[in-house]
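Engineer: Just passing along the structure, written as structure tokens.
The values are calculated or read from the model by the stated rules, or taken from the named source; none is laboratory data. What you see is a predicted model, and the numbers here were worked out from it, not measured in a lab. In this analysis, Cβ positions are derived from the backbone assuming ideal geometry, glycine residues included, and neighbour counts consider all displayed protein chains. The protein model used for the area step is the full one, side chains on, heavy atoms only, and it has no ligands, DNA or RNA in it. Shrake-Rupley method; radii C 1.70, N 1.55, O 1.52, S 1.80 Å.
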Amino acid sequence: MSSHVPDALSATPHARPETPPATLIIGGGATGLAAAWALAKRGRSVTVLESNDQVGGNLHTERDGEWQIEHGPNTVIMKPPLHALLDELGLLGEAQPANAIANKRYVVLNGRPVALPMTPLEALTSPLIGWRGWARLAREPFLPRRNAREETLAAFVERRLGPRILARMVDPFVSGVYAGDPAQLSVQAAMPRLAAIEQEHRSLIIGGVKRLRQARRDPAGVPAEWRGKLVSFPRGLQHLADRLAERIVAQPTAAIHTDCSIRSLRREGEQWVVVDDQGGEWRAESLVLAVPAPVAAQLLRPLDESLADPLAAIAYPPVNAIALGFREQDVAHSLDGFGMLIPRGERRRTLGALFSSTLFPNRAPAGHKLLSVFIGGRQSPEAAAGDDATQVARVLDDLRDLLGIRGEPVWQKVTRWPQAIPQYELGHLARLETLDLALETYPGLHLAGNWRGGIAVGDCLENGRLLGERLSAQG
């Protein structure tokens, strides 16, 4: 296994500086690294403490011979902030767009994979929508908007687009991307742009068309060849985290320390004091907790329960990522797309599968295919239980007939995320408001992570950058 840890990070992991940094960041994932880079490149003093032996958080690539997998996210979407960051880091030339056929995606319907429609003609004839679905969609532009403060995604979609779109498209999307339950997710928190379209245009269809036309007129700083592309790197997404770390530690005012777990924190005068697992103390004027909500809640509870309670209330269901390698002749399906999502109505426990060896080259040996399969999530957390053999057998039972799999995998890897993806469920916005109100009592304390502002890698990078810029302006 290759950990890709830059040499500059591992020399003296617990050596504390003589002069405390202005900002101390707990957590070296995408958010923490982006915040640190925004500070370091402006000459601000910053130190990052990461509990793992490498930076990146869930950006974790593993190479085993000719097999290469991602333990966490597999791709990032090229949007203007990401394009600017990659350009700044000198990574644009290394960025690897996904195979063009990745635009094709499958959804299981009545026990077989059906391609999502990609053209208006395909949409008209797609069994995923059907004549009943189209009859319901035809009414959508005439429906009134609803001014609810908060509504579940399921209720929102069914109200505007009907039960078929919810069951056959939105449910598998939410399960596959959020590992979530549309009957519990808040549309205002999880998909605020969707809720905003209804408020601005009343109709999702009319508003969606207008926004698409506007996007085509306004490229927003991303060259056409990159716009909206799914990308990775030959060495995987870990390479992005490593490059950020390398650039951070190259600055004279910045440092990153791995293998440094945090035991406690406290406020002492005008400084924040953090105690690591070896009993050492780190001090700083500003403290950023860029960690999962349950970790932040545990650290903050001794300080103030009003800070910990809203964070502890955010659900994190378990998800297992199971990489399966097969001989090419043992998979009948052409795997000609991004992957396949499985609606709950199909009564299978597997959430879906990415066609990893299709997306990017050199992910599998010649003559082989690689699948990245996901199981568990908010709707079926019990499906993530069991040893590795049980997990592999479970997903194979779900996938054999769908993809025409014969025989057993020749290579496999199970990655477990007991607390995988934060759920922006009903009450999420109110929890954040309560949290922000409590934070006003603690100057210099900042909380960030994928539990607010978006779960995608690009969202975390951008939110971290914005936080770092705000802290830089204050100092």
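Engineer: Evaluate the following for residue 210: is it surrounded by 19 or more Cβ atoms within 10 Å (Cβ to Cβ) and modelled with pLDDT under 90? Talk me through it step by step, then tell me what you get.
Structural biologist: Details: surrounded by 19 or more Cβ atoms within 10 Å (Cβ to Cβ): no; modelled with pLDDT under 90: yes.
Here the answer is no, as residue 210 does not meet what is asked.
Engineer: Something else now. Note down all Cβ pairs under 8 Å where the first residue falls in region 451-475 and is among the basic types (Lys, Arg), the second is in a helix (DSSP H, G or I), and they're at least six residues apart or on different chains.
Structural biologist: Hits for this filter: 452/432; 452/463; 465/34; 465/35; 465/37; 465/38; 465/81; 465/85.
Engineer: Report the residue count in region 51-68 for those that are in contact with a strand residue (DSSP E or B) (Cβ under 7 Å, 6 or more places away or on another chain) and open to solvent by less than 10 Å² (accessible area, probe 1.4 Å).
Structural biologist: Within region 51-68, residues that are in contact with a strand residue (DSSP E or B) (Cβ under 7 Å, 6 or more places away or on another chain) and open to solvent by less than 10 Å² (accessible area, probe 1.4 Å) number 2.
Engineer: Hey, another quick one. Of the residues 101, 69, which is at pLDDT below 95 and hydrophobic (A, V, I, L, M, F, W, C)?
Structural biologist: Numbers: 69 fails: at pLDDT below 95.
Among 101, 69, only 101 is at pLDDT below 95 and hydrophobic (A, V, I, L, M, F, W, C).
Engineer: Regarding region 406-418, can at least one residue be identified that is free of Cβ contacts under 8 Å to residues at least 24 places away in the same chain, among the aliphatic types (A, V, I, L, M) and open to solvent by 40 Å² or more (accessible area, probe 1.4 Å)?
Structural biologist: Filtering region 406-418 down to residues free of Cβ contacts under 8 Å to residues at least 24 places away in the same chain leaves 408.
Subsequent filtering for residues that are among the aliphatic types (A, V, I, L, M) retains none.
Scanning region 406-418 turns up no residue that is free of Cβ contacts under 8 Å to residues at least 24 places away in the same chain, among the aliphatic types (A, V, I, L, M) and open to solvent by 40 Å² or more (accessible area, probe 1.4 Å).
Engineer: Here are some residues: 59, 91, 86. Which one is in contact with a Leu (Cβ under 6 Å, 6 or more places away or on another chain) and in a loop (DSSP other than H, G, I, E, B)? Let's see the steps before the verdict.
Structural biologist: Values: 91 fails: in contact with a Leu (Cβ under 6 Å, 6 or more places away or on another chain); 86 fails: in a loop (DSSP other than H, G, I, E, B).
59 is the lone residue from the list that is in contact with a Leu (Cβ under 6 Å, 6 or more places away or on another chain) and in a loop (DSSP other than H, G, I, E, B).
Engineer: Next question, about the same structure. Go through (1) under 19 Å from residue 456 (Cβ atoms); (2) within 18 Å of the chain's Cα centre (by Cα) and name the single condition residue 37 misses.
Structural biologist: (2)
Engineer: Which one of 243, 247, 211 is of a type outside the set (Asp, Glu), more than 22 Å from the chain's Cα centre (by Cα) and closer than 30 Å to residue 102 by Cα?
Structural biologist: Working: 243 fails: more than 22 Å from the chain's Cα centre (by Cα); 247 fails: closer than 30 Å to residue 102 by Cα.
That would be 211, the only listed residue that is of a type outside the set (Asp, Glu), more than 22 Å from the chain's Cα centre (by Cα) and closer than 30 Å to residue 102 by Cα.
Engineer: Please find, within region 422-475, the residue that is farthest from residue 55 (Cα to Cα) out of those that are hydroxyl-bearing (Ser, Thr, Tyr) and in a loop (DSSP other than H, G, I, E, B). It would help to see each step written out before you state the result.
Structural biologist: So in region 422-475, the residues hydroxyl-bearing (Ser, Thr, Tyr) come out as 424, 434, 441-442, 472.
Subset that is in a loop (DSSP other than H, G, I, E, B): 424, 441-442.
Numbers: 424: 26, 441: 31, 442: 28 Å.
The selected residue is 441.
Engineer: Would a scan of region 383-401 turn up a residue that is farther than 17 Å from residue 291 by Cβ, among the hydroxyl-bearing types (Ser, Thr, Tyr) and modelled with pLDDT under 95? Walk me through it before giving the result.
Structural biologist: Taking region 383-401 first, the residues farther than 17 Å from residue 291 by Cβ are 383-401.
Among the residues that remain, those that are also among the hydroxyl-bearing types (Ser, Thr, Tyr) are: 390.
Add one more test, that the residue is modelled with pLDDT under 95, and what stays is none.
Checked against the condition, which is being farther than 17 Å from residue 291 by Cβ, among the hydroxyl-bearing types (Ser, Thr, Tyr) and modelled with pLDDT under 95, region 383-401 yields no hits at all.
Engineer: Also: Suppose we filter region 268-282 for residues that are open to solvent by 70 Å² or more (accessible area, probe 1.4 Å) and closer than 17 Å to residue 444 by Cβ; how many remain?
Structural biologist: Going through region 268-282 one residue at a time, the tally reaches 3.
Condition check ((1) surrounded by fewer than 24 Cβ atoms within 10 Å (Cβ to Cβ); (2) closer than 14 Å to residue 400 by Cβ) across all residues:
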position: 325; (1), (2): yes, no
position: 334; (1), (2): yes, no
position: 337; (1), (2): yes, no
position: 341; (1), (2): no, no
position: 345; (1), (2): yes, no
position: 356; (1), (2): no, no
position: 365; (1), (2): yes, no
position: 368; (1), (2): yes, no
position: 371; (1), (2): no, yes
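Engineer: Here's a follow-up. So for region 286-293 (the condition being touching a His at 6+ places or on another chain (Cβ under 7 Å), small (Gly, Ala, Ser) and farther than 30 Å from residue 355 by Cα), does at least one residue qualify?
Structural biologist: yes
Engineer: Can you pull out every residue in region 170-202 that is over 25 Å from residue 354 (Cα atoms), in a helix (DSSP H, G or I) and either among the small types (Gly, Ala, Ser) or touching a residue at least 60 places away in the same chain (Cβ under 8 Å) (or both)?
Structural biologist: Within region 170-202, 188, 189, 195, 196 qualify.
Engineer: Taking helices (runs of 4 or more DSSP H) that fall entirely within region 214-319, which contain at least 3 residues that are small (Gly, Ala, Ser)?
Structural biologist: Passing ranges, in order: 293-300, 305-312.
Engineer: Which of the residues belonging to region 338-396 are of a type in the set (Phe, Trp, Tyr) and over 21 Å from residue 169 (Cβ atoms)? Walk me through how you get there before you give the answer.
Structural biologist: Narrowing region 338-396 to residues of a type in the set (Phe, Trp, Tyr): 338, 355, 360, 374.
Hit for region 338-396 is 360, nothing else.
Engineer: I've got another one for you. Is it the case that some residue within region 152-169 is at pLDDT below 85, open to solvent by less than 70 Å² (accessible area, probe 1.4 Å) and either within 28 Å of residue 423 (Cβ to Cβ) or part of a loop (DSSP other than H, G, I, E, B) (or both)? Give the derivation first.
Structural biologist: Step one: list which residues in region 152-169 are at pLDDT below 85, which gives none.
Within region 152-169, not a single residue is at pLDDT below 85, open to solvent by less than 70 Å² (accessible area, probe 1.4 Å) and either within 28 Å of residue 423 (Cβ to Cβ) or part of a loop (DSSP other than H, G, I, E, B) (or both).
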